[in-house]
1. Just wondering, is there one or more residues in region 211-220 that are closer than 21 Å to A53 by Cα, basic (K, R) and either more than 14 Å from the ligand (Cβ to nearest atom) or assigned to a loop (DSSP other than H, G, I, E, B) (or both)?
2. Among the residues of region 255-276, is any of a type in the set (G, A, S), within 14 Å of the ligand (Cβ to nearest atom), buried (at least 23 other Cβ atoms within 10 Å of the Cβ) and assigned to a strand (DSSP E or B)?
3. Quick one: which strands (runs of 3 or more DSSP E) lie wholly within region 379-496 and hold at least 1 residues that are farther than 26 Å from N154 by Cβ?
4. Out of E439, E421, E479, I need the residue that is charged (D, E, K, R) and within 28 Å of P166 (Cβ to Cβ). Which one?
5. Looking only at region 365-415, which residues are surrounded by fewer than 23 Cβ atoms within 10 Å (Cβ to Cβ) and in contact with a Pro (Cβ under 8 Å, 6 or more places away or on another chain)?
6. If we scan region 441-458, do we find a residue that is more than 16 Å from the ligand (Cβ to nearest atom), outside the structural domain of G412 (by TED's automatic domain parsing) and of a type in the set (A, V, I, L, M, F, W, C)?
7. It is to be established whether one or more residues within region 290-301 are assigned to a helix (DSSP H, G or I), within 16 Å of the ligand (Cβ to nearest atom) and aromatic (F, W, Y).
8. Among the residues of region 462-480, are any small (G, A, S), in contact (Cβ under 8 Å) with a residue 40 or more places away in the chain and closer than 24 Å to T390 by Cβ?
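The values are calculated or read from the model by the stated rules, or taken from the named source; none is laboratory data. For clarity, every value in this text was computed on a predicted model and none was experimentally measured. Here the Cβ positions follow ideal geometry from the backbone for every residue, glycine too, while neighbour counts run over all protein chains shown.
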Amino acid sequence: MEKYLLYINGEFRESGDKQTFSAVNPATEEVIAEVSKATVEDARDAADAARNAFDSGVWSDLPREERSRILKQVVDKINENAKRLTELEVMDSGSTIKKAGEDVFLSAKSLNYYSKMAAADLNEDVEGLSKAGVSKNIIRREPIGVCALITPWNFPLKMAIWKLGPALAAGNTVILKPAMETSVTACELARLINETDMPKGVVNIITGAGSVIGTELVKNLKVDKVGFTGSTEVGKIIMKNAADNLKKLTLECGGKSANIVLDDADIDMSVDGAIYAGFYHQGQCCEGGTRLLVSEKIYDEFVDKLKNKIRKMTIGDPMDKKTDVGPVINKKQFDSVMNYIKIGKEEGAEILTGGNKAGDKGYYIEPTVFINAGNNMRISQEEIFGPVVTLIKFKDDDDAVKIANDSIYGLGGAVWSGNDERALKVANRLRTGTVWINEYHLLSDRAPFGGYKQSGIGREFGLDGLKEYTEAKHIHIDEIKDRTKKFWYGTVVPKD
Ligand code: NAD
């Protein structure tokens, strides 16, 4: 049985009290590895290591091209080990192999983007900030310092890379803490990083309970920034706990996104899109299209086709390339999702498809669609994070926008229509961070991703994502060499 250790200051070690936890395959309920369970002391050691590495300048003072070269080494390591990482991700997270393969590919691609960004000069010389060009002005983008990166279990490697990439490209040092449910690929990443020229202490990876080591990292005064992806509930706790030294925060939290099908949409394509939006990774996607809003003009045909297509989905072994639906992450999540299905029935919504456990072993749930549902129901307002979609009928575009925006969340969403101009008008009115038109889930390395409202604070990806890991410094160099000059203060006073 594989045993994974903590990675602190360039060394692998057991946790202070030698405790471990088991990594469990959600498809078989079997233990696949033992993982070290870090103590508060271990988290402090990791923060100390990252602090010392940052303050020594071993990373932030490197020439940009050198940081870029080392990040590219990590990209190459991920690509060389793609098959192993994909299979481990399937076993550890219940991702289908189709999704896990894509995740590993996209992880390497994102890190490659940030390895290039690491070489880019983001500093700017700004002209004309002062009167008559008598000063030179530079805006420097500097690293923030030590960043704690806390990630969830639904896209384990990808989420780790989305944070490591910009944080390291900007010159920060980091402590990565993956979710306990899925720590294996982060531990594998530690081994790969250790084989590169990454200086000791720049990347530290520790595994264990969020309530213990996550809390310590968030409160630790040596940590300057927290980059977090997870539930809105934990995001709020982090915001409170990070207050003592006013840590910078990026919070990527929950969602309940509206997937809107207008009356002029291609019905077959939007049915496929609705399945992809709602059931990709068993619905365990923050930006998933969990509220499916369908125009009353096409409702009957749409519902009929949706039902038939969902019934053809293959539920089964996630390692099998033909599988569409794998298990949810664990027993706790399984129980929570099944409870929401019960709540939906009690609220008076009707099951169109699914609603049951699937198979004897593993945490499988049938893809479930509720119809005759209202947007005020709990199944429409609360994040279920499982294969459950609530289908709501709307009258016209105004009605669709009103329902879509009636949510505490604002992360993703889509509009399906045969008319781009009309779809764009609807998209512009949605209070959400990403809107797809006739597409879903597709994110770009170069476009910002993040939440309005209680879906989060800040953005990942692209230049916006990189800037989240920098401080902006303005340097004003006065160029008047005449010592008799007047200072600006007091030169503008109201006339008597
Ligand atoms: P979670 O909030 O339970 O945990 C996320 C991470 O935070 C884990 O590493 C966990 O150990 C850690 N954590 C828990 N308590 C903590 C604390 N008190 N202090 C510091 N860290 C703590 O989320 P999850 O169940 O792992 O993931 C599912 C959630 O993540 C969903 O709500 C989903 O919408 C959200 N999510 C959001 C995005 C996004 O980009 N917006 C992406 C993926 C998932």
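1. no
2. Looking for residues that are of a type in the set (G, A, S), within 14 Å of the ligand (Cβ to nearest atom), buried (at least 23 other Cβ atoms within 10 Å of the Cβ) and assigned to a strand (DSSP E or B), one finds none in region 255-276, hence no.
3. 388-394, 470-478
4. Among E439, E421, E479, only E439 is charged (D, E, K, R) and within 28 Å of P166 (Cβ to Cβ).
5. Answer for region 365-415, where residues must be surrounded by fewer than 23 Cβ atoms within 10 Å (Cβ to Cβ) and in contact with a Pro (Cβ under 8 Å, 6 or more places away or on another chain): just E366.
6. Looking through region 441-458, none of the residues is more than 16 Å from the ligand (Cβ to nearest atom), outside the structural domain of G412 (by TED's automatic domain parsing) and of a type in the set (A, V, I, L, M, F, W, C).
7. Within region 290-301 (the criterion being assigned to a helix (DSSP H, G or I), within 16 Å of the ligand (Cβ to nearest atom) and aromatic (F, W, Y)), the answer is no, since none of the residues qualifies.
8. no
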